[in-house]
Amino acid sequence: MTDLIAAIVQGVVEGLTEFLPVSSTAHIVIAQEIIGLDRTSSFWKMFTVFIQLGAILAVIAYFWTRLSGFVASFCGVGCKTEEGVSDKSKWKKHPLALVLISFVVTAIPCFLMDKFIGENLESLRMIGIALIVGGFAMVFIDLYCSKRTTTKQIEDVNLRQAIAIGLAQILAAAFPGTSRSMSTIAGGQLMGLSRSAALEFSFFLSIPVMVAAASYKLLQHLRKEAFPTGEQWIALSAGFITSFLVAFVVIAWFMTWVRKHGFTPFAIYRVVAGAALLWWDNYRNHG
């Protein structure tokens, strides 16, 4: 398989799974195993990070009107009201501020655990276990919390809920296979968010989290390795564009699906995929 085709395949997998609660990391690893890529290759490690930026661009494009409205209203916080009274206290209740607070809660521990995270990323067994455990947790949380919501929309999220979602996301970073999307959605539901509010908060939080993580990993690669060659840039571009296009379609579909059906089908899929991955890892190691 040529590098270009391998790049497109991984771009499709990234776009399909980045925002579904099934772990894009697990599926990228599985895809690389199936197509026979060298997962220890510095370039392909960097590639899997780079194409995440395509998926993030899809979030920004899909939610552009909503995001630009949040930015505009956030910039207006602190302006004087008609009565001439400063309104700065509202910043900490603004959705954009709460997303950034949740990001900080996640970013600092993850930065300190970078080496530990990298070791877990190499373990198929760890990824398989995380898929299964996360699947069972998702079923319980969705069934238990979906009828006990207190926060219907992202504008009503409070500081305590934002911090809790940030803490939940650390699990996804520490244990690849958990799924960043699953952990933030489940964390939001446990804190009383509706399915749609938890999902939307997860999408918005993915922007600073994934941009920061991808930028950090890319800088690490460029400092240690040679600059990508012309052929490698073609593969990177193909993976990025494919990831963007597929992710945009998935986001539009997922927002509609969740409101009507919930997360249980994805939880079942996680358990089946995790069990298959554990079998494959055992077969590969012991024959």
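Computed with the Debye formula from one identical point scatterer per Cα of the chain, without solvent, the log10 of I(q)/I(0) at q = 0.06, 0.11, 0.13 Å⁻¹ comes to -0.20, -0.64, -0.89.
Which of ILE129, ILE56, THR151 sits farthest toward the positive end of the charge dipole of the range 3-286, with +1 on the Cβ of Lys and Arg and -1 on the Cβ of Asp and Glu? Result: THR151. For the chain, modelled as a GNM whose springs connect Cα atoms under 10 angstrom apart, the maximal fluctuation among THR256, THR184, THR229 occurs at THR229.
Look at ASP142, ASP156, ASP3 and count the other Cβ atoms within 10 Å of each Cβ; fewest to most, that gives ASP156, ASP3, ASP142.
Just so you know, the Rg over Rh for the range 107-212 is 0.98, from Cα atoms, with Rh as the Kirkwood radius. Once the Cα atoms are used to define both axes, helix 52-62 deviates from the longest principal axis of the chain by about 40 degrees. Here the gap between TYR216 and ILE234, fully extended at 0.36 nm per residue and compared with their Cα-Cα distance, gives a gain of 4.3 nm.
Which residues does a label at THR65 reach in the range 143-166, if reach means a backbone N under 19 Å from a point 7 Å past the Cα toward the Cβ? Within reach of a label on THR65, which here means backbone N under 19 Å from a point 7 Å along Cα→Cβ, the range 143-166 contributes 153-155.
Between PHE136 and ARG223, the distance separating the two model label sites (each 7 Å from Cα on the Cα→Cβ line) works out to 4.1 nm. Spin-label model, ALA174 to ARG284: label points 7 Å out along the Cα-to-beta-carbon direction sit 2.5 nm apart.
Comparing mean-square fluctuations of LEU37, LEU112, LEU131 from a GNM of the chain with C-alpha springs under 10 Å, the top value falls on LEU112.
No lab work stands behind these numbers, since they all come straight from the coordinates. Quick caveat: nothing in here was measured; it's all calculated off a predicted structure. With ideal geometry, Cβ positions are generated from the backbone for all residues, glycine too; neighbour counts draw on all protein chains shown.
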